[in-house]
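Taking it in order: structure first as structure tokens, then the write-up.
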Amino acid sequence: DAKTTQPNSMESNEEEPVHLPCNHSTISGTDYIHWYRQLPSQGPEYVIHGLTSNVNNRMASLAIAEDRKSSTLILHRATLRDAAVYYCILRDGALGYSGGGADGLTFGKGTHLIIQP
Amino acid sequence: KAGVTQTPRYLIKTRGQQVTLSCSPISGHRSVSWYQQTPGQGLQFLFEYFSETQRNKGNFPGRFSGRQFSNSRSEMNVSTLELGDSALYLCASSLATGASTDTQYFGPGTRLTVL
């Protein structure tokens with residue numbers, strides 16, 4: 001399975017943008033890049049995902065390098081509520097539900113994001 | 001729409017006992033996955049069920065088992081509990097429309113303590 005590398009922790013100030021990097025140099029052409037986050041005392045929650053193009057949603061933006069060997073999750077204006085562990089995960093788009101089975105999410109250590117007021 | 005619910009939220013057992021944890025997925029979701037989270041190993045995939053069938057399994061001993069019912073609710077069972085089984089057990093459900101884009105929705109977890 002292709003692996004991801006993230007910094008152990010990052011610190012940012014409230015109301016400033018946050019750029020969370022993820023390296024995935026062995027990514028395959030069918031791997032989608034997913035981001036989840038886990039707030040304290042909660043289960044993980046989906047943030048965003050993409051394949052090749054940059055993606056935006058109400059929570060964040062995902063910037064994907066042209067060679068797809070790295071990506072960056074962007075929180076445009078961090079709040080204290082964004083303090084969490086952020087996980088960058090690759091999911092093989094070739095896996096389907098036609099009998100070949102589906103894999104679970106493979107979580108790494110993630111990045112512990114600290115937001116200073 | 002109600003989220004993923006897990007019961008019980010907290011559980012204390014002793015070594016050698018067995019335990020059953022329950023998960024109710026979001027209405028309409030057909031896939032249920034289970035994960036174990038510990039400080040040392042992080043989040044690890046246990047198994048995934050779809051239409052009452054286990055489709056994939058992580059690297060855990062046979063003491064860990066599960067099942068899914070026709071209404072998509074799922075249970076996981078751990079037999080002969082060991083101290084190392086103390087963990088947060090998370091359940092996640094999804095629509096199962098395609099592995100590449102399928103979003104998993106997690107419950108709050110069941111905190112199991114083995115004494």
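Checking each residue in the range B:40-53 for being over 12 Å from the mean Cα position of the chain (by Cα) and either surrounded by 14 or more Cβ atoms within 10 Å (Cβ to Cβ) or aromatic (F, W, Y) (or both) picks out B:G42, B:F50. Within the option set B:G98, B:G84, B:G66, being outside any strand (DSSP E or B) and at pLDDT 95 or above holds for one residue only, B:G84. Of all residues in the range A:4-56, those being more than 14 Å from the chain's Cα centre (by Cα), buried (at least 20 other Cβ atoms within 10 Å of the Cβ) and not in a loop (DSSP other than H, G, I, E, B) number 0. Scanning the range A:60-117 for residues that are open to solvent by 50 Å² or more (accessible area, probe 1.4 Å), in a loop (DSSP other than H, G, I, E, B) and at pLDDT 90 or above yields A:E66, A:D67, A:K69, A:H76, A:R77, A:T79, A:K109, A:P117.
Can you find even one residue in the range B:31-39 that is within 21 Å of A:P40 (Cβ to Cβ), open to solvent by 50 Å² or more (accessible area, probe 1.4 Å) and within 13 Å of chain A (Cβ to nearest Cβ)? Taking every residue of the range B:31-39 in turn, at least one turns out to be within 21 Å of A:P40 (Cβ to Cβ), open to solvent by 50 Å² or more (accessible area, probe 1.4 Å) and within 13 Å of chain A (Cβ to nearest Cβ). For the range B:74-115, a tally of residues being more than 11 Å from the chain's Cα centre (by Cα) and more than 19 Å from A:Y46 (Cα to Cα) returns 14. In the set (1) touching a residue at least 40 places away in the same chain (Cβ under 8 Å); (2) out of contact with any Cys (no Cβ under 9 Å at 6 or more places or on another chain); (3) at negative phi, A:R68 fails one condition alone, (3). I need the full set of residues from the range B:4-30 which are open to solvent by 70 Å² or more (accessible area, probe 1.4 Å) and in contact with a helix residue (DSSP H, G or I) (Cβ under 9 Å, 6 or more places away or on another chain), in order please. Of everything in the range B:4-30, just one residue is open to solvent by 70 Å² or more (accessible area, probe 1.4 Å) and in contact with a helix residue (DSSP H, G or I) (Cβ under 9 Å, 6 or more places away or on another chain), namely B:R15.
The values are calculated or read from the model by the stated rules, or taken from the named source; none is laboratory data. Quick caveat: nothing in here was measured; it's all calculated off a predicted structure. Counting neighbours? That spans all protein chains shown, and the Cβs are built from the backbone with ideal geometry, glycine included. Surface areas here come from the heavy atoms of the whole protein model, side chains and all, with no ligands, DNA or RNA. Shrake-Rupley method; radii C 1.70, N 1.55, O 1.52, S 1.80 Å.
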